[in-house]
Amino acid sequence: MTGHPARPLRIAHLTTSDISLRYLLLPQLLAGVERGWEVAGISSPGPDAGYIESRGVRHFPLPSSTRAMSLRKDVRAASELWRILRRERFDVLHTHNPKTGLYGRVLGRLAGVPVVVHTTHGLYASSDDRWRKRLLVYGLEAVASRFSDAELVQNPEDLALMDRLRIVPRRKAQLLGNGIDLRRFDPDSVTPARREAIRSGLGIGPGQMVVGTVGRLVREKGFEDLFAALPHFGEHVTLIMAGPDDDDKADSVSAESIGRAKALGVRFLGMRTDIDAVYAAMDIFVLASHREGFPRAAMEAAAMGLPIVATDIRGCREIVRHEESGLLVPVRDPPAIASAVRRLADDADLRRTMGAAARRRALDRFDERVVVEIVLETYSGVLAGARRLGRNPRTPDTVRQKPL
């Protein structure tokens with residue numbers, strides 16, 4: 001007697017916005033597609049949803065999902081998610097981001113999804129936040145984590161804090177790390193002639209020292225501190241900034257602040273899909289953030305062999321080794337930023353030495369293929385556990401798999 005063929009494993013990744021699906025999670029999505037699984041992304045609709053669908057990933061829109069804090073919209077987005085989960089019957093729901101991670105884990109379990117996995121990209125509270133914020137964030141994480149099967153944590157400092165405060169059950173938590181495409185971000189792929197052509201296209205003249213930064217235009221990225229430091233970089237230094245506006249966020253950089261920065265000579269490049277070329281134009285990378293989880297831009301800059309000036313905070317410390325691959329400076333300290341940039345700008349040998357060390361660290365620690373393998377191994381383990389509990393999800397071995 002011939003049985004019905006097993007249907008493919010169905011995996012859904014939940015994020016606040018489609019930009020995260022494309023630029024943060026695409027390797028994980030495509031790893032499932034390559035194995036013959038049905039992979040979906042759930043997020044607010046936007047211009048990047050069409051791109052991920054062109055790569056074989058189905059997109060389910062949450063029209064009410066927003067990065068801003070809005071209880072009314074968040075409740076509506078949760079209701080939209082509930083209907084999707086009840087209708088689609090995924091085997092695995094993998095949640096990301098603070099808001100979708102909170103209500104997604106709870107609704108995933110209540111909707112009967114056999115396996116719920118969450119990635120903490122960075123706790124939304126740090127040690128210098130007021131105790132009320134920390135209590136709220138840690139308390140909500142503790143509740144939500146009870147609805148998941150596995151908790152993947154990118155940053156080891158977050159994992160240590162969660163373990164110390166018992167925010168997440170120890171049996172569920174695992175260090176994930178973070179990674180990028182080291183083949184794309186490779187300084188050897190850019191010839192000197194190509195570098196000069198890129199710089200010329202950006203309007204950068206010969207002899208100019210280019211300091212660059214990449215990130216959403218929000219104040220927590222420390223842009224106001226960077227603008228305040230700029231006049232002390234030196235006349236031969238040009239500051240370029242790549243990254244999208246983020247008007248949904250209450251702390252988006254104001255038009256007035258951007259106008260003042262432009263008057264100082266800052267060049268705003270907007271959202272760039274050729275960000276590897278933008279790094280190739282830089283001599284020094286700066287990340288002045290007040291809060292980070294595990295900053296992708298700094299990893300990319302390190303992989304491109306750039307010396308880095310970064311704030312001495314969680315996440316940045318995983319990428320920059322002070323006095324080895326870059327310089328760490330205090331948070332909200334424009335004079336310290338300016339001093340570090342001037343030191344690097346005035347010393348070509350130090351830039352080369354630190355840039356080479358940054359590249360070595362990236363090769364050793366930031367390979368996205370390692371991250372993808374950890375995620376897939378986590379699925380295998382929790383799917384097997386769910387079957388033992390009688391939840392009856394499909395398992396990866398019921399699908400014809402292709403290696404990465």
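Throughout, read-outs are computed from the coordinates displayed, never taken from laboratory work. Keep in mind it's a predicted model, so treat the numbers as computed, not measured. Every residue, glycine as well, gets a Cβ built from its backbone with ideal geometry; the counts of neighbours run over all protein chains shown.
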Net charge (Lys, Arg +1; Asp, Glu -1) of residues whose beta-carbon lies under 13 Å from that of LYS73, LYS73 excluded, is +1
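Give me the extension gain from HIS232 to VAL33: residue separation times 0.36 nm, minus the current Cα-Cα distance, reported in nm with one decimal. The partial results should precede the final answer.
Numbers: separation 199, 0.36 × 199 = 71.64 nm, distance 4.97 nm.
The HIS232-VAL33 span can extend by a further 66.7 nm.
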Quick check on region 187-365: of the DSSP beta bridges with both residues there, what percent are antiparallel, nearest 5%?
5 percent
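Evaluate E = 1/(1 + (r/R0)^6) for ALA142 and ASP186, where r is the Cβ-Cβ distance and R0 equals 35 Å; express this FRET efficiency to the nearest 0.05.
Result of the calculation: an efficiency of 0.30.
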Quote the charge dipole size of the chain about the Cα centre in Debye, to the nearest 20; the model charges only the Cβ of Lys and Arg (+1) and of Asp and Glu (-1).
1660 debye
Close lysine pairs (the chain; alpha-carbon distance under 30 Å; 8 or more apart or on separate chains) counted at 15
Find the relative contact order for the chain and round it to a whole percent, using C-alpha pairs within less than 8 Å whose residues are 6+ positions apart.
16 percent
Lys/Arg Cβ at +1, Asp/Glu Cβ at -1, dipole of region 187-365 taken about the Cα centre: which of ILE240, ALA357, ALA310 is farthest positive-ward?
ALA357
Estimated inter-spin distance, ARG360 and ARG272, nm [label 7 Å along Cα→Cβ]:
2.8 nm
Given springs between every Cα pair under 10 Å in a Gaussian network model of the chain, which of ALA111, ALA298, ALA197 has the largest fluctuation?
ALA197
Cα gyration tensor of region 187-365, axes a ≥ b ≥ c as square roots of the eigenvalues: rounded (a/c below 1.5), prolate (a/b > b/c) or oblate?
rounded
Filtering trypsin sites (Lys or Arg not before Pro) in region 175-253 by DSSP loop and by at most 16 other Cβ atoms within 10 Å leaves ARG183, ARG184
Looking at the chain only, what percent of DSSP beta bridges run antiparallel? Nearest 5 please.
0 percent
So if we plug the beta-carbon distance of TRP82 and ASP347 into 1/(1 + (r/R0)^6) with R0 = 41 Å, what FRET efficiency do we get, rounded to 0.05?
0.10
Arrange SER17, SER325, SER189 by Cβ neighbour counts within 10 Å, fewest through most, would you?
SER189, SER17, SER325
